[in-house]
Every structure is written in C-alpha cells, then in structure tokens.
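The values are calculated or read from the model by the stated rules, or taken from the named source; none is laboratory data. Because the structure is a prediction, the values reported are computed rather than measured. So basically every Cβ, Gly included, is an ideal-geometry build from the backbone, and we count neighbours across all protein chains shown.
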Amino acid sequence: MPSPVESLPGELLIDCFSYLELSRPSIHSLRLTSRHFHDLSSPFLITAATVHFTAQSFSALSRLASHHVFSKSVKSININVCYYDKMLAKDLFCYAFTSKNLMTRFLTTSEGTKPDETHTKYNDIDPESYERGLEIGRQWLGIEAKKFKLENASSEQRFLFEMWTEYGRLYEEQQALIVGEAGAAKLVKILAQFPALAKLAITDDSKDFEDGDEKTPTAVIISEFGLKKCCMSPIRWKSIQRYETTTKPPTFILPKLFTALAASSIRVPHFAIQLSAPVDLDALLMSETEYDAARKMVSRAETVSFRMWHWSRYHIWESLATRSAQEFPALHKLTRALFASPMLKTMDIALAYHISSMHWHDVIVVYDNQPPAMTFSDLIPPLDTCAASLRSISLTSVPITLKELETLAETMSDHLTSLELHLPYLLGGNWEQALDTLRGLERLEHVKLRMLRGRDRQGLGADPPLEEMGDFLVGRKSDNPLHGLHMKSGAD
C-alpha cells in the first residue's frame with residue numbers, strides 16, 4: 001500500500017523535491033524509494049554541468065544531452081577554459097619543476113611551517129607523508145630535460161615521465177578543438193540540446209582538490225591519484241610557475257564562443273564570465289564583428305556577471321593603477337558589449353580577488369601613487385540604455401567618481417532596488433557627499449557595503465558605520481551617519 005505522501009499530487013511533490021536540489025544523497029534516496037518518486041525526483045539530480053575543452057569532456061556533455069531526463073533538467077552549464085600549456089607539454093624539465101612546485105604548495109602551509117607534534121594547528125598532517133612528498137619533489141627537480149635517461153630513472157621519475165607523456169597527449173587533443181572555429185561550434189551544438197538551459201558561465205577555475213588544499217590529507221596528495229590530480233590539471237590564463245607560458249592565454253576562445261553562440265538560437269537569461277586577468281589586457285581585444293556577436297549573444301540576458309581576478313602581473317602588491325592606461329580600452333570594449341542587453345536587470349562587476357576567500361591585506365588596491373586608469377562608466381554602456389529594466393547593481397573593487405554616482409542616482413532613481421559596493425574606491429568628493437547622492441535612489445530596498453577595516457584608507461577611518469550607512473540609503477535613518485565627520489575620499 002502506498003504511503004500517504006505518495007498519494008499527494010505530483011505537482012506538490014515536485015515542489016517539495018525542489019528543496020533538495022543541492023543534496024544529491026537525498027535525491028538518490030528518493031529515487032530508490034519507489035518508481036513514482038524516482039520519476040518525479042530524477043530531474044533534480046543533475047541541474048548543472050561543467051565542460052572542458054577536451055574531447056572526453058565534450059563526449060560526456062553530449063551523452064548528458066542525449067539522456068531522456070537529464071537533458072531537460074540541466075539549467076546551468078559552466079564552460080571551463082583552463083588549458084594545457086605548450087611549454088609544459090613540450091619541456092620535461094619545465095613540467096618537472098612546475099609539478100614539484102605544485103606539490104610543495106599543497107604540502108606546506110601558507111607560513112611555510114613544517115608540520116610536527118609541536119604545531120597543534122597541523123596535527124592532521126602526517127609528517128611521514130609530508131617527508132615522502134618532499135622526497136618526490138627532490139626526485140622530480142633532479143630531472144634535466146636533455147640529460148634525462150628513462151632507463152636510469154627512479155620510480156618517482158618514471159611516474160612523472162608517464163604523466164608528462166599523457167599531459168602532452170591531452171595538449172594535442174585540446175589543440176585540435178581550440179584551433180579554428182570547429183571546437184566552439186561543436187560545443188554550442190551540444191549546448192543547444194538542453195532545452196531548460198538558463199545560465200552559461202565561462203570560467204578558468206582550476207581547483208585541484210574538491211575539498212580544498214588544507215583539508216586534503218597529505219597521504220592523499222602524494223598518492224598516485226593525488227599526484228595525477230595535482231599535476232595533470234590544465235592551468236589558468238596565467239601560469240602559476242615562474243616560466244612564461246608560450247601558449248597565448250585562452251582569451252582567443254572567448255570570441256570563438258561568442259560567435260558560435262550568436263549564430264545559434266541559444267539566448268540564456270543569465271550569463272557570467274569569471275576569469276583571471278591576463279598579464280596584458282590587450283589579450284582581450286576582439287574585432288568589431290566579434291563584439292557584435294557578444295552583444296547579440298546577451299541580447300535577452302537579464303543577469304550578467306563579469307568577474308576578473310588576479311590583476312597583479314607578478315605579486316599581490318601590484319595595483320590596478322600600475323597597469324598601463326593603454327591596456328584598459330580592451331577591457332572596456334568587452335564589458336560594454338557584455339552589458340548591452342536591453343533586458344538587463346542585474347549587473348555584477350568584480351575586479352581583483354574574490355570577496356569570500358580573500359585576506360584583507362591581499363586585496364588592498366593601492367591607488368596612493370596615481371589615480372586608477374578607469375572608472376565605473378568606462379566598463380558599461382550609458383546607463384540610460386538599460387535604466388528601465390535594471391534593478392540591481394553589484395560592484396567589487398571598481399573605482400567610481402562622485403559625478404558617476406550622481407548620474408547613477410539621477411538615471412536609476414525610480415528603478416534600482418538593490419545596490420552592493422564591495423571595497424569601492426571613491427574618486428573626488430567625500431563619502432558624506434556620496435551617501436547624500438545615493439540617497440536619491442528612492443526605490444532602494446537592499447544595500448550591502450563592505451569597506452576595508454582597520455586602516456584609515458579613503459578617509460573612512462578604522463571602523464566605518466556600515467550598517468548605519470546602509471540604513472540611511474534605504475530610508476530607515478533620516479540623518480547621514482557621516483555628517484560632520486569630514487570623511488574624505490582617498491583622492492582628496
């Protein structure tokens with residue numbers, strides 16, 4: 001006899017099951033309960049997918065697109081453009097050096113402290129596995145490309161050689177997909193087979209261990225599985241080793257994707273780009289035809305997110321301001337094309353580092369020596385082109401002038417309901433004036449402010465009254481909390 005729950009209408013059960021969408025074990029259990037529960041809960045098992053530019057990944061996504069249930073349940077697809085580097089694929093010594101550095105980074109703490117019994121913070125690290133990892137690193141570092149003899153190699157060196165050979169094969173396989181237009185066209189053809197697709201994201205997230213580096217046991221890192229996971233992964237736009245990569249950062253994949261998407265019927269309401277900044281922003285340059293393709297691709301997008309991390313070329317203390325002003329037009333043209341949708345409701349722009357994972361001292365964007373080479377209005381089309389539909393703006397580490405805030409308040413007064421400013425840098429005027437200006441956004445319901453604390457930077461003092469500032473902007477307080485405090489911007 002079926003349980004009373006199973007007798008509920010299917011629409012109600014589906015609504016209940018939707019709350020378990022992020023819990024795969026729960027969905028697995030439901031699918032085993034009964035045929036009825038299996039059929040109703042299966043669409044919540046796989047709602048998102050990731051595809052890499054490899055033949056194997058394309059095949060896996062194609063199989064998913066052919067599935068009678070999951071092809072209709074996938075709503076979000078992440079296109080990972082991490083790549084296999086030519087120098088690593090062709091130079092064994094470079095590969096050995098890089099692999100050694102990668103493994104050492106996972107084995108050591110940020111302070112470089114060797115784990116032992118006296119450091120209770122690192123008690124979960126096995127000292128024996130740690131020493132074993134260092135020995136592997138020494139063996140790998142001992143390889144010299146021109147003198148290396150496989151017949152005389154240690155077991156660790158043979159294992160590295162096998163991985164390097166496989167890495168080279170994957171590099172060649174990927175080249176066949178990213179050279180020319182065929183690879184992007186093939187991917188878009190597969191994407192078109194997901195009728196419920198609502199979000200496309202392009203990213204270069206190259207996380208090596210799903211549970212995070214610090215949580216992964218040392219013994220796992222130096223296991224065969226761990227070494228392959230650590231050293232066989234493709235890399236980000238900027239290589240993490242000391243050698244300059246000979247492969248051009250895969251910005252050239254972007255216009256190919258834009259062109260293929262524009263030529264298809266795919267028009268998702270949510271589009272996101274989340275990538276590391278190339279060493280030279282000129283790598284982002286595209287042709288006018290390709291910018292037109294980007295605008296066509298997002299023509300029905302309601303949410304567009306552009307996030308670009310790691311601005312520094314060599315170390316974290318380099319700032320936005322140290323980049324040449326000649327570089328920024330390439331970035332401006334790209335972002336203006338991406339935010340050109342006449343249906344845009346949510347705009348998200350983030351530069352530098354991810355808010356949720358950063359340390360404060362890692363993300364200070366130093367403008368003390370010279371003003372930034374760009375501001376908010378450089379990154380977007382004129383606001384009046386999307387004012388009627390735009391409801392939410394989120395900015396992270398984006399310089400903005402007082403004049404731009406005035407334009408924002410005048411243009412969006414009757415429309416904007418949500419405003420988030422993370423680590424903003426105000427150019428001209430002071431924050432008291434900025435708050436008075438933003439108070440002109442009469443429909444604001446949600447405000448989130450995040451400033452640097454513990455420093456007298458941008459004149460906000462060590463502990464700016466963020467909550468009170470937010471309450472003032474949404475109308476819960478009538479008095480500007482900064483009134484009379486003379487909190488000036490860093491530019492004054």
Among the candidates 331, 344, 423, residue that is in the same structural domain as residue 311 (by TED's automatic domain parsing), aliphatic (A, V, I, L, M), more than 21 Å from residue 285 (Cα to Cα) and at pLDDT below 95: 423
What do you reckon, is residue 408 touching a residue at least 24 places away in the same chain (Cβ under 8 Å) and under 21 Å from residue 373 (Cβ atoms)? yes
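Among the listed residues 144, 151, 156, identify the single one that is in a helix (DSSP H, G or I) and surrounded by fewer than 17 Cβ atoms within 10 Å (Cβ to Cβ).
151 is the lone residue from the list that is in a helix (DSSP H, G or I) and surrounded by fewer than 17 Cβ atoms within 10 Å (Cβ to Cβ).
Out of the residues in region 401-425 meeting the condition of being assigned to a loop (DSSP other than H, G, I, E, B) and surrounded by fewer than 21 Cβ atoms within 10 Å (Cβ to Cβ), tell me which one is nearest to the chain's Cα centre (by Cα).
Going through region 401-425, the residues assigned to a loop (DSSP other than H, G, I, E, B) turn out to be 413-417, 423-424.
Keeping just the survivors that are surrounded by fewer than 21 Cβ atoms within 10 Å (Cβ to Cβ) gives 413-415, 417.
Working: 413: 31, 414: 32, 415: 28, 417: 25 Å.
Per the stated criteria, the residue is 417.
Considering only region 218-231, how many residues are in a loop (DSSP other than H, G, I, E, B) and either among the polar types (S, T, N, Q) or at pLDDT 90 or above (or both)? Steps first, answer last, please.
Narrowing region 218-231 to residues in a loop (DSSP other than H, G, I, E, B): 222-223.
The next check asks that each one be either among the polar types (S, T, N, Q) or at pLDDT 90 or above (or both); those that pass are 223.
Looking only at that region, the number is 1.
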All positions within region 426-459 that are part of a strand (DSSP E or B), closer than 29 Å to residue 389 by Cα and at pLDDT below 90: 426, 427, 450
Would you tally the residues in region 375-396 being at pLDDT 85 or above, surrounded by fewer than 20 Cβ atoms within 10 Å (Cβ to Cβ) and part of a loop (DSSP other than H, G, I, E, B)? 5
Can you tell me which residue within region 137-151, out of those that are under 32 Å from the mean Cα position of the chain (by Cα) and hydrophobic (A, V, I, L, M, F, W, C), is modelled with the highest pLDDT? 140
Just the residues that are part of a helix (DSSP H, G or I) and within 17 Å of residue 261 (Cβ to Cβ), please, taken from region 49-82. 58, 61, 65
Odd one out for residue 475, checked against (1) modelled with pLDDT of 60 or more; (2) under 13 Å from residue 429 (Cβ atoms): (2)
